[in-house]
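Data block below; observations after.
The values are calculated or read from the model by the stated rules, or taken from the named source; none is laboratory data. All of these numbers come straight from a predicted model, not from anything done at the bench. Note: ideal-geometry Cβ built from the backbone for every residue, glycine included; neighbour counts use all protein chains shown. Remember, those area values only see protein heavy atoms, side chains included, never the ligands or the DNA or RNA. Shrake-Rupley method; radii C 1.70, N 1.55, O 1.52, S 1.80 Å.
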Amino acid sequence: FQNEINEVPFFDVQLPYELALKIFRYLGKAELGRCAQVSRTWKILAEDEVLWYRLCQEEGYLLDMSISDHSCWKLALKNCRAREHMLKTNWKNRVGAVSQLRYEPGRVLCDVHCCDGVVMAGYTSGEVRLWDTRTWDYTAPVLAAVPGPGGAGAPPHVSFVRINSSLAVAAYEDGTVSVWSLLLGREPIHHFQHNQRIQALALAPDSPAVATASGFQVKVESPDDKGFWQTPGTFEIQKLVNFLNLVPDVTGSPVAVAAAEDIVYLLKAEDPGKILHSVYGQPVTCLDVAAHEAAFGIKTFGWLLNEPNQILLYNLETNQCVTKVGNSIGDFSCVNLHSSPPNMLVAGNKDRRVRVFDLRRGKAACSVYGHQLGVSAVQMDEWKMVSGGEEGLVCVWDQRMATKLWEMHARHPVRHVWFNSHSLITANIPEEKNPRGSSITEDDPSLHRKYRGVIYSYEFSVDQLAVGSVLPICRSSYDEVTGYNYNIGLAVPYDSI
């Protein structure tokens, strides 16, 4: 019947269907619903697939689909909004499932990093593991390391691990760096060696580029068009590097930002060793990099004791300071710029506060207090913040209300926090890799559990998962829906008895 309509009545005139459709494109969901009640002809027009496909795309749903992928885009939009509301409610009320990603029962966790739900972890045994939490596949594969000279002796500890959508990189205590491809298998595709201990490791989030800092040297490695790895840049700097990041969305040679004590370097192949920021006596305490900007915290002391600690935002194209935010006595210990909403920035401080800054106004839009020690990891989205502290506390905050929604505690400091709309990954990594009183040998896996560190994986879309897709030990049998809901079930065997 819809295809037989040639003209649509608009009061006292008749308009062609295509022209009427263009008029209706300016209406929202509520207006289209009202128009659908006028007449049968208007109802057909108001429920046209083109209109609802456009509304679905404008609200950010199903962006990778074409209009022919769904037969009813109005229903598709309704289902997407219902799922978003369900996930937001589950986040606020702590409804879902939690699991521990465990491996190496006798080894200590050294470093954790994740990308889109794929978690990478390195241990004191020298082994590196992967988990894909998107499919609840906990048969974590081992990434094979390059054998050492002679193949004798215990393998070195893992210092750093990094992962993106295509590569996984691990740096070891002896200065070795191994690179694996997530598409090709468990054997490393590239390997290089530093003469000294590696102080920082960086992996570009959207390209196969790796940067390492060892001693007074920063080295950048990336493959060419044929897949052969090369070194587009080696930079000699004056001080030891504390923080290192690769700039995303860069065409051509990789660009790195390195913080070495009180100097911030912008390292490009064509302009080596360019100093982005340098103030004597003001060391950098944290660093994060987005596509065109870099944010880092500075610490003031000595004759500048009356000045507060701040976070500086630099434009990487003009190399100029765009804004200064923050007014804190404590040191800024972590900052997240790349995954924050546009014109927003979240930072954690040693004064136990989490602050959200509006970069357009240069002021703090939100400041919350709830940790017992300094904040060590932060991330935010449009309505919530997740923070981890040195005492092992993970807190979820409502940004608009500036209130704590819930918290979870573990023994060791929280060194990594990552979340998306339906899942949350946290890692509690011990400071002491060789705890006293524990004999760590090849044949002794008896290291006490409290010394090992732990990785938690939270899933908040558990209501839409099939019952058989999640291990029974990871699902809770509690069904309370009233009051302050603690429906995330801990992984204890007697929950289902």
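Give me the residue from the stretch 263-280 that is in a strand (DSSP E or B) and β-branched (Val, Ile, Thr) and, out of that set, nearest to the chain's Cα centre (by Cα). The residue in question is VAL264.
Return a yes/no flag: does the stretch 203-213 have any residue that is charged (D, E, K, R), surrounded by fewer than 22 Cβ atoms within 10 Å (Cβ to Cβ), at pLDDT 90 or above and assigned by the TED database to the domain that holds ALA291. No; the residues of the stretch 203-213 include none that is charged (D, E, K, R), surrounded by fewer than 22 Cβ atoms within 10 Å (Cβ to Cβ), at pLDDT 90 or above and assigned by the TED database to the domain that holds ALA291. Assessment of the stretch 409-417 against the conditions (open to solvent by 30 Å² or more (accessible area, probe 1.4 Å) and modelled with pLDDT of 95 or more) yields at least one matching residue. When TRP131 is tested against (1) open to solvent by 10 Å² or more (accessible area, probe 1.4 Å); (2) farther than 25 Å from TRP397 by Cα, just one condition goes unmet, and that condition is (1).
Scanning the stretch 217-258 for residues that are open to solvent by less than 50 Å² (accessible area, probe 1.4 Å), under 21 Å from ASN309 (Cβ atoms) and assigned to a strand (DSSP E or B) returns ASN245, VAL257, ALA258. For CYS286, the conditions (1) over 21 Å from ALA347 (Cα atoms); (2) outside any loop (DSSP other than H, G, I, E, B); (3) touching a residue at least 24 places away in the same chain (Cβ under 8 Å) are fulfilled apart from (1).
Restricting attention to the stretch 28-64, the residues that are under 20 Å from CYS80 (Cα atoms) and without any contact (Cβ under 8 Å) to a residue 12 or more places away in the chain total 7. A Cβ distance below 8 Å, combined with a sequence gap of six or more or placement on separate chains, defines the contacts here; from the stretch 368-383, residues that are assigned by the TED database to the domain that holds ARG353 and modelled with pLDDT of 95 or more reach residues that are assigned to a loop (DSSP other than H, G, I, E, B) and acidic (Asp, Glu) in the pairs VAL375/GLU390; SER376/GLU390. Among the residues of the stretch 159-174, are any among the aromatic types (Phe, Trp, Tyr), surrounded by 13 or more Cβ atoms within 10 Å (Cβ to Cβ) and over 16 Å from PHE228 (Cα atoms)? The answer is yes; a qualifying residue exists.
GLU261 - would you say it is at pLDDT 90 or above and open to solvent by 50 Å² or more (accessible area, probe 1.4 Å)? Taking the combined requirement at face value, the residue satisfies it. Kindly indicate the residue of the stretch 339-353 that is over 11 Å from MET385 (Cα atoms) and part of a loop (DSSP other than H, G, I, E, B) and also farthest from the chain's Cα centre (by Cα) among those meeting that condition. Taking the candidates together, the pick is ASP351. From the set of residues in the stretch 320-375 that are crowded, with 17+ Cβ neighbours inside 10 Å and among the aromatic types (Phe, Trp, Tyr), which is nearest to ALA410 (Cα to Cα)? For the stretch 320-375, the residue satisfying everything is PHE332.
Test of understanding: among ALA295, ALA269, ALA291, which residue is modelled with pLDDT of 95 or more and either in the same structural domain as VAL335 (by the TED database) or closer than 19 Å to VAL210 by Cβ (or both)? Of ALA295, ALA269, ALA291, the one residue that is modelled with pLDDT of 95 or more and either in the same structural domain as VAL335 (by the TED database) or closer than 19 Å to VAL210 by Cβ (or both) is ALA295.
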